[in-house]
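The values are calculated or read from the model by the stated rules, or taken from the named source; none is laboratory data. Nothing here was measured: the structure is a model prediction, and the numbers come from that model. Cβ atoms come from the backbone with ideal geometry, glycine included; neighbour counts cover every protein chain shown. Accessible surface areas use protein heavy atoms only, side chains included; no ligands, DNA or RNA. Shrake-Rupley method; radii C 1.70, N 1.55, O 1.52, S 1.80 Å.
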Amino acid sequence: MKKPKILLSIIKSLLENNGHITSRQLPKSKKVPMNQLYKAILILNKLGLIQINGELNNNKFELHLIRNPEFLNLEQKVKVTFYEDRSKTKSFKFHSIVLKNGLLYIEDSSYWSADDKVKTKVKVYKPKREFGKVVVEKIELGTQKAYIKLALAPPTKVGEKIIHGFKVIQSNYFTFTQKETIERYGDPEMMDGLSVMQPTLFATLEIRFPESYRFIDVKAEKYDLVIIDGPQIPSPIPNHRLLIDRNKIVLKLFYPPFGYYFVSWKAAQ
C-alpha cells in the first residue's frame with residue numbers, strides 16, 4: 001500500500017526532527033511524485049496530526065506535529081449484530097501501523113449503557129504482529145465497560161503492522177418496539193457507535209438487525225465529547241457515507257477526525 005508508506009515516512013521525519021520539518025526536509029523519492037507527497041500531507045492535516053504553515057503550491061511551507069499518537073489505523077471496523085433472541089454482539093477490529101518505538105502494551109475498551117438485565121461476555125480475537133508476539137495479559141469486565149490489555153514482546157518498532165480486536169456478547173439487550181425501548185431505556189431512540197481515538201484512514205460501523213425488524217428515522221452524528229448527563233452537542237461529520245438497507249445500516253468514514261460517531265434509529269412500531 002503506497003499511501004500508508006508515504007504517510008509513515010512523513011511522520012517518521014517529523015519524529016526525527018522534534019516534530020518540525022520544512023518543505024526541504026520532506027522525505028523525497030524518485031518513486032513518489034510530488035503530488036502524492038502533497039496529498040499525503042493534506043491527509044495528515046485532515047487526521048488532525050499536523051499543522052501546515054504556508055502554501056503547498058509554492059513549495060515553501062513548514063509542517064508541525066500537533067499530536068503524538070501511538071498508532072495509525074489503516075482500517076477500523078466495528079460490527080454490531082442484533083438477533084431474534086434479543087442478544088447483541090459488537091466486534092472491534094483494528095489494522096494498525098505502529099508510530100512509536102518501545103511500546104509494551106495495547107489497551108482496548110468498550111462501553112455500554114448500564115442495565116442489570118444484560119449479561120456480558122468478551123472474546124479476544126487472536127492478534128497478529130510483524131515483529132514479535134502479542135499476549136492477552138488482562139480482561140476486565142465491569143457493569144458498563146470491557147477492558148483488554150495486550151502485552152507486546154519485544155517492544156514495538158516504528159512502521160510495523162499489528163492486527164487486533166475483540167468481541168462483546170450481550171444477552172437480553174435488544175428491544176423490538178418503541179414502547180419496549182422507552183420502558184427499558186427511557187427513550188424511543190436506539191443508538192450505537194464507534195470512537196476514533198487514534199488517527200484513522202478508514203472506519204466503518206455496520207449495524208445488522210433481525211429479519212423481522214423494521215426501523216425508521218436513521219441519522220448519523222458526531223460528538224467531540226460525550227457527557228453522560230448531557231446535553232449532547234453534535235458536530236458535522238466530514239467525508240462520510242450513510243448506507244441504509246432493509247436490515248442493516250452502514251456508516252463509512254474517510255479520514256475521520258478524532259471523536260465519537262453514532263448511528264441512531266427507532267423501531268418502526
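Below are the figures for this structure:
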| quantity | calculated |
| --- | --- |
| Residue match in region 146-156 (condition: assigned to a loop (DSSP other than H, G, I, E, B), open to solvent by less than 40 Å² (accessible area, probe 1.4 Å) and in the same structural domain as residue 221 (by the TED database)) | yes |
| Check on residue 84, open to solvent by 70 Å² or more (accessible area, probe 1.4 Å), among the acidic types (Asp, Glu) and at pLDDT 95 or above | yes |
| Number of the exception - residue 78 against (1) among the β-branched types (Val, Ile, Thr); (2) in contact (Cβ under 8 Å) with a residue 40 or more places away in the chain; (3) touching a helix residue (DSSP H, G or I) at 6+ places or on another chain (Cβ under 8 Å) | (3) |
| Some residue of region 161-173 being open to solvent by less than 60 Å² (accessible area, probe 1.4 Å), farther than 25 Å from residue 206 by Cα and either at pLDDT 90 or above or in contact with a helix residue (DSSP H, G or I) (Cβ under 7 Å, 6 or more places away or on another chain) (or both) | no |
| Filter result (outside any helix (DSSP H, G or I), hydroxyl-bearing (Ser, Thr, Tyr) and within 16 Å of residue 54 (Cα to Cα)) within region 18-41 | 22 |
| Qualifying positions in region 99-124 - open to solvent by 40 Å² or more (accessible area, probe 1.4 Å), at pLDDT 85 or above and assigned to a loop (DSSP other than H, G, I, E, B) | 100, 101, 102, 104 |
| Condition met for residue 185 (among the hydroxyl-bearing types (Ser, Thr, Tyr), open to solvent by 50 Å² or more (accessible area, probe 1.4 Å) and either assigned by the TED database to the domain that holds residue 85 or closer than 14 Å to residue 77 by Cα (or both)) | yes |
| Residue 67, sole failed condition from (1) at pLDDT below 90; (2) over 26 Å from residue 252 (Cβ atoms); (3) open to solvent by 90 Å² or more (accessible area, probe 1.4 Å) | (2) |
| Region 1-40, residues that are in contact (Cβ under 8 Å) with a residue 24 or more places away in the chain and either closer than 15 Å to residue 99 by Cβ or of a type in the set (Phe, Trp, Tyr) (or both) | 4, 6, 7, 8, 10, 11, 12, 14, 15, 19, 40 |
| Wholly within region 178-268, strands (runs of 3 or more DSSP E) carrying at least 2 residues that are modelled with pLDDT under 95 | 189-196, 215-223, 259-267 |
| Neighbours by Cβ (under 6 Å, 6+ apart or cross-chain): first from region 41-55, closer than 17 Å to residue 240 by Cα; second of a type in the set (Ser, Thr, Tyr) | 43/255; 46/255; 47/255 |
| Residue pairs meeting the criteria (Cβ under 6 Å; at least 6 apart or on separate chains; first closer than 13 Å to residue 267 by Cα, in region 171-195; second part of a helix (DSSP H, G or I) and basic (Lys, Arg)) | 175/184 |
